[in-house]
Every structure is written in C-alpha cells, then in structure tokens.
Amino acid sequence: MGLLSKPIKTLDDLFVHTLQDIYYAEKQIAKSLPKMINKATDPQLKQGFETHLEETKNQIQRLEQVFQMHGQEAKGVTCAAMDGILEEATETMSDVDDKDVLDAAMLASAQAVEHYEITRYGTLIAFAKQLGRQDCASVLQQTLDEEKATDQKLTALAESRVNRQAA
C-alpha cells in the first residue's frame with residue numbers, strides 16, 4: 001500500500017485506486033507533451049502530439065466525471081509505471097542528437113504511453129461493468145477508443161515516414 005492511499009480490500013477499492021492511478025498518469029502526460037511538441041521536427045508528428053494534448057485534457061475531464069459519478073474525489077496516486085515511461089523518454093531524448101532519430105524515439109515513447117493507457121482503461125471498463133457501473137464504463141470506453149486510435153495513428157506515422165527518415 002502506498003503512503004497516501006487507503007487499503008484495497010474490495011473490487012470497488014481497486015476500481016477507485018486504478019482511476020487514481022490513470023488520473024495521475026494523464027496529468028503527467030499533459031505536462032510532458034508540450035516538451036515533445038517543441039522537440040518534434042516532423043510536422044505530422046508535431047501535429048499528432050498537439051492533437052493528443054487536447055485529447056488528454058478531455059480525458060482528464062472524463063476521469064473527473066467518472067470520479068463524480070462514482071461519488072469519489074478526483075485525485076491521483078503516484079503511478080510509478082507512467083513515471084518510469086516518461087523518465088525513460090526524457091533520458092532517451094537527451095541522448096539523441098539527430099533530429100530524425102529523435103522523432104523516432106519520441107514516437108516510440110508515445111506508443112509506450114499509449115499501450116499503458118490502453119491496458120489501464122480496458123481494466124477500468126471491466127471493473128466498472130463487474131461493479132454494475134455501465135455508466136462509468138461507457139465514459140471510460142470513449143477514452144479507450146481514443147487511445148487505440150492514437151496508437152494506430154502513431155504506428156502508421158512510424159511505418160510510413162518517421163522510422164524511414166531516421167534510418
């Protein structure tokens with residue numbers, strides 16, 4: 001149990017804890033994306049990051065809506081996984097000099113973020129349904145659909161241009 005979180009005894013507790021985890025993660029992503037936007041040189045990648053920043057802000061609002069629907073305060077708990085993914089991305093970005101390789105590295109880091117988010121939202125939806133909270137599940141499904149679409153766009157961008165330019 002984390003220092004600032006309460007014990008997890010029920011599926012409902014786990015649902016709320018996982019909401020808090022992804023809420024923290026989304027806020028960290030929103031802080032990191034502007035740096036990636038500034039460093040990206042590929043115009044499509046830059047635009048993709050800008051679009052995802054706006055989506056992330058909307059996803060944070062959706063999470064706040066789910067917290068409210070579930071009668072909980074919207075607050076985060078430290079997500080060590082997201083902190084690690086973002087720390088690794090920052091370290092990699094500082095180690096790369098070539099702008100094309102940097103774009104490929106940032107794209108790869110963005111996909112690691114997306115994959116984490118996809119797993120979290122899928123889990124939250126399953127928990128919500130099990131708890132009889134189809135209302136929460138449908139709000140979370142909107143975000144999961146966005147995350148999957150972003151991942152597909154990143155894959156297409158990597159395969160069609162960014163990785164080729166880096167090679």
Inverse of mean 1/r across different Cα pairs in region 1-109, Kirkwood, Å: 15.3
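Express in nm, to one decimal, how much length is gained between Ala80 and Lys35 on full extension, taking 0.36 nm for each residue of separation and deducting their alpha carbon distance.
Result: 14.2 nm gained on full extension.
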Divide, for region 42-101, the radius of gyration over alpha carbons by 2.2 N^0.38 Å, where N is the residue count. 1.54
Would you check region 27-98 for Lys pairs whose C-alpha atoms are within less than 18 Å, ignoring same-chain pairs closer than 8 in sequence, and give me the count? 11
Residue-by-residue Karplus 3J(HN,Hα) for region 50-67, coefficients 6.51, -1.76, 1.60, Hz, glycine and proline x: 5, 4, 5, 4, 5, 4, 4, 4, 5, 5, 4, 5, 5, 4, 4, 5, 5, 4
Helix 134-157 sits off the longest principal axis of the Cα atoms of the chain, rounded to the nearest 10 on a 0 to 90 degree scale, by 10
Alpha carbon centroid spacing (whole Å) that separates region 125-165 from region 49-86: 14
Under 18 Å from the Leu11 label point (7 Å along Cα→beta-carbon), backbone N, region 129-167: 129-141
Per 10 Å bin, what is the whole-percent P(r) computed from every C-alpha pair distance within region 27-75? 26, 40, 21, 11, 1
Cα long-axis angle, helix 99-130 against the chain (0 to 90 degrees, to the nearest 10): 20
Mean-square fluctuation check for the chain, GNM, Cα pairs under 10 Å: which of Asp21, Asp103, Asp12 is largest? Asp12
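We did not get these values from a lab; they are worked out from the coordinates using the rules stated. Keep in mind that this is a model prediction, so the values were computed, not measured. FYI the Cβ positions are ideal-geometry reconstructions off the backbone, even for glycines, and counts take in every protein chain you see.
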